[in-house]
Structure formats: structure tokens, C-alpha cells
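Asks: Submitted below is the structure of interest, expressed as C-alpha cells.
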Amino acid sequence: MSIQIVLDRAAVAPGETVTGEATWTLTTAPKQFGIRLFWHTSGKASRDTGIAGEQIVMNAAARGSQRFSFVAPSKPVSYDGPLVSILWAVEAFADADDTVHEYLIISPTRERLTLSGA
Amino acid sequence: MTPARLNPFRSERIESLAFRPTGPGQDLAGIQERWEKAGRRGAVVGPHGSGKTTLVEQLGRRLGDTTWVDVRPGVAPVTSSSVLLLDGLERLPWLTRRSWLAACCAPGLIATLHRPGCGLPVLLRTTTTPDVLENLVAELLGQPVDDHRAAECRRLFAEHRGDLRACLETLYRRWAGEESG
């Protein structure tokens with residue numbers, strides 16, 4: 001079993017498009033194969049998360065590939081602080097059991113934002 | 001400054017730690033056996049930060065079909081076809097705890113408590129030691145703790161009176177550069 005995600009660009013600005021391709025080789029055909037753009041927090045507090053977009057492939061074969069495209073939202077932006085980081089990723093999943101994800105950066109500068117002096 | 005996503009003491013890593021038995025009979029199989037013998041009702045008892053919730057989460061995964069209930073005032077007694085895992089029972093007024101529990105309808109339940117009570121048999125009393133803290137820190141850092149870190153663990157353990165969660169939160173802040181060690 002393997003699922004792979006290849007991003008065309010590892011950093012984009014809000015309003016630009018996150019594109020790439022997911023490929024999968026599974027032992028059986030999944031009922032559902034999905035790709036989503038999501039963010040999550042990491043840090044001192046419990047993880048928070050949000051989904052910005054999702055593409056579902058119905059009746060997917062056991063092997064296949066799918067191009068994806070999501071418009072990067074304006075917020076939240078990729079951020080690094082001492083108490084919390086905000087991370088964006090594209091996740092591919094088969095029937096919610098098997099998932100992989102690839103991190104990317106969404107910010108106006110295409111770099112993780114930090115507070116100056118932090 | 002260490003960014004939060006690289007802090008070894010970030011919450012998702014703390015939450016992935018397994019319960020550390022500190023004595024015989026504290027393995028999951030032994031606890032489950034006592035729970036079955038007690039009529040599938042019981043409590044994990046221990047002070048703040050001693051691993052009660054972590055242990056009950058692990059028991060829940062072992063049992064399979066369970067429902068997690070965050071008990072607090074205003075939450076109604078639960079009817080469920082799966083085993084209830086009750087956290088926070090002590091948030092209910094003392095007098096209502098027993099009646100709230102009696103009104104729950106489920107094929108079994110496990111609660112976390114700070115002290116024995118509510119008519120629930122004690123399945124395990126969770127305790128902590130400085131060695132457990134050292135062991136957890138070593139796992140989070142991905143390497144054995146050196147003498148300096150071991151001494152820090154012992155100091156923290158004493159300052160927080162054995163509350164491992166509080167110790168790990170302090171280490172998070174120190175790692176983040178908010179607080180000197």
C-alpha cells in the first residue's frame with residue numbers, strides 16, 4: 001500500500017493555486033479516495049484544525065493518480081511562534097484509514113511568518 | 001526561540017505518550033481482568049497529572065467499542081450500547097455524582113477519580129516517580145537524559161508535587177525560551 005503526494009510548489013501566496021498530483025497503489029479499490037487542503041496548529045495547546053478544500057474521487061481503482069487544485073485562502077497563514085505554529089498541508093486519504101500528507105507554506109511572503117523579535 | 005512545531009514537548013507529542021506502569025499488576029490486561037471481575041465498572045484513581053486519562057484512553061482502545069464522556073455540570077447521564085469512559089466526574093456536585101452514575105445505562109464504565117468514591121471499585125491507583133518523568137523526557141527528546149537533565153527532572157517533579165503534566169508544560173515553556181531552566 002502506498003499513497004504519494006507531489007506538490008508543484010512548496011510555498012504559495014494567498015489567492016494563488018496549490019496544485020500537484022496524488023498517486024496511490026492499494027491492495028483493494030477504496031470506496032472513496034480524497035485529497036484535501038488543511039491547516040493545523042502545533043504547540044502548547046491542543047491541536048486545532050480546519051479544512052480549506054477537498055476533492056473526492058468516487059469509485060477509485062486500486063491504483064491511480066489524480067491531479068488536484070485548491071485556491072490558497074487568505075488565512076490563517078503559515079506561522080511560527082513559541083506557543084503555536086500554524087501548518088498547512090495537503091492530505092490524501094483512502095477510506096479515511098490510510099492517509100499521507102505533505103506540508104507546504106501559505107503566506108504573503110511564501111515563508112513562515114514570525115513575530116519580529118520572537 | 002524554538003518554534004512550537006519543533007518543541008519536543010508540544011501537546012500532540014505529550015498526548016501520544018503511553019501510560020508508564022510503576023508497579024506490578026498495572027498492565028492493561030491485568031486492569032481489564034479486574035474490571036471484568038468487578039462487573040465491568042470501576043475507577044482509575046490518582047492525583048492530577050498522574051496518567052489517569054492517558055491510561056483510560058489506552059484501556060478504551062483495548063476494549064474497542066467505547067464512548068468518551070467529558071462529564072461536567074449540565075451533561076445528562078448517558079445511555080449507550082458501548083462502554084462509557086467518564087472523565088471529570090468530580091466536576092459534578094458531590095451529592096449528585098452517585099445518582100448521575102446510577103442513571104447511566106451502558107454495558108460497562110470506567111471513570112477517572114482523584115479519590116475513591118461514587119461506589120466504584122478501584123481498578124488502579126496511579127502514582128508517579130521522578131524516574132517516570134525522566135523516562136518520558138528521554139522519549140520526547142529521543143535520547144537518554146544526561147545528569148543535568150536528570151537533576152532538572154527531579155527538581156521539577158518536586159516543585160510540581162509529582163504532577164507530570166505540569167512538569168512537561170514547564171519544560172515546553174523552557175524549550176520555547178519563555179522561562180529559564
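Asks: Rounded to the nearest 10 Å², what accessible area does A:VAL100 show when all protein chains are kept and the probe is 1.4 Å?
Replies: My reading of the accessible area for A:VAL100 is about 40 Å².
Asks: In units of 2.2 N^0.38 Å, what is the alpha-carbon radius of gyration of chain A?
Replies: This ratio for chain A stands at 1.13.
Asks: Can you give me the Kirkwood hydrodynamic radius for the range B:28-125, using every pair of distinct Cα atoms, in Å to one decimal?
Replies: After inverting the mean inverse Cα-Cα distance, the result is 13.2 Å.
Asks: Which net charge results for the neighbourhood of A:ILE5, defined as the other residues with beta-carbon distances under 12 angstrom from its beta-carbon, given Lys and Arg at +1 and Asp and Glu at -1?
Replies: -2
Asks: Nearest 5 percent is fine: what portion of the DSSP beta bridges confined to the protein assembly as shown is antiparallel?
Replies: 70
Asks: Picking from B:LEU17, B:LEU133, B:LEU168, which is most flexible by a Gaussian network model of chain B using Cα springs under 10 Å?
Replies: Highest fluctuation among the options: B:LEU17.
Asks: With the dipole of chain B worked out from charges on the C-beta (+1 for Lys and Arg, -1 for Asp and Glu) around the Cα centre, which of B:VAL145, B:LEU120, B:TRP68 lies farthest toward the positive end?
Replies: B:LEU120
Asks: Give the accessible area for B:HIS148 in Å² (nearest 10); use a 1.4 Å probe, count only protein heavy atoms, and leave out ligands, DNA and RNA.
Replies: Counting only protein heavy atoms, B:HIS148 exposes about 120 Å² to solvent.
Asks: What residue among A:ALA62, A:ALA13, A:ALA92 shows peak mean-square fluctuation when chain A is described by a Gaussian network model with Cα springs under 10 Å?
Replies: Greatest mean-square fluctuation among the candidates belongs to A:ALA62.
Asks: Could you compute Rg(Cα) / (2.2 N^0.38 Å) for the range A:46-103, with N its residue count?
Replies: 1.37
Asks: Find the Cα radius of gyration of the range B:128-176, compare it with 2.2 N^0.38 Å by division, and give the number to two decimals.
Replies: 0.99
Asks: Would you mind giving the total buried accessible surface between chains B and A, with a 1.4 Å probe and ligands, DNA and RNA left out, rounded to the nearest 100 Å²?
Replies: Summing both sides, the interface buries roughly 1200 Å².
Asks: Which shape class, rounded, prolate or oblate, goes with the protein assembly as shown when its Cα gyration tensor gives a ≥ b ≥ c as root eigenvalues, a/c under 1.5 marks rounded, and past that a/b bigger than b/c marks prolate?
Replies: Cα axes put the protein assembly as shown in the oblate bin.
Asks: Lys and Arg at +1, Asp and Glu at -1: add these up for the other residues within a Cβ distance under 15 Å of A:GLY34 and post the number.
Replies: In short, -4.
Asks: Using +1 on the beta carbon of Lys and Arg, -1 on that of Asp and Glu, and nothing else charged, what's the dipole of the protein assembly as shown about the Cα centre, debye to 20?
Replies: Roughly 880 debye, rounded to the nearest 20.
Asks: Now, a different point. Filter the trypsin sites (Lys or Arg not before Pro) in the range B:60-162 to those in DSSP coil with at most 16 other Cβ atoms within 10 Å of their Cβ, and list the result.
Replies: Listed in order of number, the matching sites are B:ARG161.
Asks: Oh, and also: Which of A:ILE35, A:ILE105, A:ILE51 moves most in a GNM of chain A, Cα contacts under 10 Å?
Replies: A:ILE51
Asks: Starting with the highest mean, order B:82-89, B:69-76, B:31-38 by the number of other Cβ atoms within 10 Å, averaged over the residues of each peptide.
Replies: Ranked from most to least packed, the peptides come out as B:82-89, B:31-38, B:69-76.
Asks: Taking all protein chains as present, what is the carbon and sulfur share of the accessible area of the protein assembly as shown, in % to the nearest whole number, probe 1.4 Å?
Replies: It is 50 percent, rounded to a whole number.
Asks: So how strong a dipole does chain B carry about its Cα centre when Lys and Arg Cβ are +1 and Asp and Glu Cβ are -1, to the nearest 20 debye?
Replies: Computed about the Cα centre, the dipole is about 620 debye.
Asks: When all protein chains stay in place, what accessible area (Å², nearest 10, 1.4 Å probe) is found for A:MET58?
Replies: It works out to around 120 Å².
The values are calculated or read from the model by the stated rules, or taken from the named source; none is laboratory data. Note that the structure is a prediction, hence the values are computed from the model and not measured. When we count neighbours, we look across all protein chains shown, and the Cβ atoms used for this are built from the backbone with ideal geometry, even at glycine. In case anyone asks, the SASA skips ligands and DNA or RNA and just uses the protein heavy atoms, side chains included. Shrake-Rupley method; radii C 1.70, N 1.55, O 1.52, S 1.80 Å.
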